[in-house]
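Step one of this worksheet: look at the structure below.
Coordinate-derived values only; no laboratory data. Everything numeric in this text was worked out from a predicted model, so none of it was measured. Here Cβ is always computed from backbone atoms with ideal geometry, including for glycine, and neighbour counts include all displayed protein chains.
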Amino acid sequence: MNSAAWFERAKKVIPGGVNSPVRAFNGVGGIPVYFKSGKGSRVQTEDGTELVDFCGSWGPLILGHARDEIVEAVTQAAADGLSFGANTAREAEFAELICSLVPEMEMVRLVSSGTEAVMTAVRLARGVTGRRKIIKFDGCYHGHSDYLLVASGSGLLTGGISSSAGVSPAATEEVFVAPYNDLAAVEDILKNYGDEVAAVIVEPIAGNMGLVEPVPGFLEGLRAATSNCGALLIFDEVINGFRLAPTTFGHTIGIEADITTLGKIIGGGMPIGAIGGRTDIMSHLAPLGPVYQAGTLSGNPVAVAAGMKTLELLRDESPYLKMEILGKRLADGINRIAEEKNMQIHCAQRGGMFTPFFRKEPIRNLTDSKACDTKEHARYFHHMLQSGFYTPPSAFEVAFVSASHTAADIDAFLEAFGNTFPQV
Ligand SMILES: Cc1ncc(COP(=O)(O)O)c(C=O)c1O
């Protein structure tokens, strides 16, 4: 059976045939690819093809697919027991490792996904401050909990409107939405509601409207504005954490968030999430404090083994310079080709993260990102796929160069991009 046949079969028993909507290829059209196996930068598909993977499971696979040491650690952990629902020495060691790599985290609590981490972080912020409102940014994604599924279009001083059916307005009324990179908008909200705001939550480098970097002063300004009004600053580093250095982005730039959320990389491909911060804040979590959070599979030994080995390898091998060089080679290549062929494209890149935006102008927020030509993105996606390269099947995502990619992978990608895409 090929991908098309599997998709037909799956659609009968899984809503839309997928367990996460973007996998349905609605953003690019066509039949979703069914993956069979992966090693390093390559995946094998149910269609009998091999693809160079630049999606990397949406970010966790910074060391590539099925890295031997991680598979060994997982196999050993699984053989020792899949779950206990009780404490293990490994959880303590893993928390120690995270706290040692991220000094602003004096304590860390493990959960099972990024969504769960952010949900807990927001509850914690509300519990600590005794306030209800939060500020988020248009185009930042923080998982699928009710109050964070808030779209743009809402006035800054009114509650946001949910982007999903089934979300109670009561949940989103507590959420203000500001444009990313717009410090003045946040300051305006805080001027009026500063004593009601529990937290400002932000992806320090945005990765869910394509790759959008913070403008100078934006994150510093958020730090100062939140401190001034007694609100907490939450850095959602589910994508950023351990991406550009073996620590958080916040730590790298010297801005200390009150609460940081992690996911993706820290599970090395297994389901995990984490919330971390200073002891005085983390102590509000049960059983030390009154903010409840729990999980049958939290700190699962197999996930912890995968995450621990991944972080150890990142710490010991530090493949970050390599990923930056390869990422830059790729982005420079796309930009050069776009220039030569007068294509309305520019590629944003930071370390191993990159997004080809189908628009020449720089992207500072969701409004800019939405102005990109999504039809051209879909055309790019399918031509790259046919040429043997898997990129995220949505125009509003970050693609990833992992430590397992080679210069030859990048050059082959660029050749396909230059030779095939513009001529079709
Ligand atoms: C910044 C950010 N936060 C939270 C999440 C939610 O994580 P998960 O999909 O593990 O629930 C994501 C997922 O892409 C994310 O990018």
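What the table below lists for this structure:
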quantity: Mean ellipticity per residue at 222 nm, deg cm²/dmol - from DSSP H runs of n ≥ 4 across the chain, formula -39500 (n - 2.57); calculated: -11000 deg cm²/dmol
quantity: GNM top mover of P32, P15, P204 - the chain, alpha-carbon springs below 10 Å; calculated: P15
quantity: Exposure proxy order (Cβ contacts within 10 Å, fewest to most) of Y292, Y141; calculated: Y292, Y141
quantity: Residues D138, D68 arranged by fewest to most Cβ contacts within 10 Å; calculated: D68, D138
quantity: Separation between Cα centres of the stretch 53-88 and the stretch 264-312, rounded to whole Å; calculated: 15
quantity: Tail fraction, Cα-Cα pairs, the stretch 366-424, threshold 17 Å, whole percent; calculated: 43
quantity: Percentage, to the nearest whole number, of Cα pairs in the stretch 68-317 over 33 Å apart; calculated: 17
quantity: Hz values of 3J(HN,Hα) by residue in the stretch 199-207 - Karplus curve (6.51, -1.76, 1.60), Gly and Pro given as x; calculated: 7, 10, 10, 8, 7, x, 10, 6, x
quantity: Theoretical gain in end-to-end length, V22 to V215 [0.36 nm per residue, Cα-Cα removed]; calculated: 66.6 nm
quantity: Whole-angstrom Cα spans of the chain along principal axes, big to small; calculated: 58, 52, 45
quantity: Debye intensity ratio I(q)/I(0), log10, the stretch 1-148, q values 0.12, 0.18 Å⁻¹ (C-alpha model); calculated: -0.82, -1.32
quantity: Nearest-0.05 FRET efficiency for E8 and S164, computed from C-beta distance (R0 22 Å); calculated: 0.25
quantity: Efficiency of FRET from Cβ geometry, K370 and N419, R₀ 25 Å, rounded to 0.05; calculated: 0.25
quantity: Length gained when the stretch D68-D332 is fully extended (0.36 nm per residue, less Cα-Cα span); calculated: 91.9 nm
quantity: Convex hull of Cα atoms in the stretch 155-266, direction-averaged projection (nm²); calculated: 7.5
quantity: Alpha carbon Rg of the stretch 212-359, scaled by the compact-globule rule 2.2 N^0.38 Å; calculated: 1.27
quantity: Extension gain (nm, one decimal) between A407 and L297, 0.36 nm per residue minus Cα-Cα; calculated: 35.7 nm
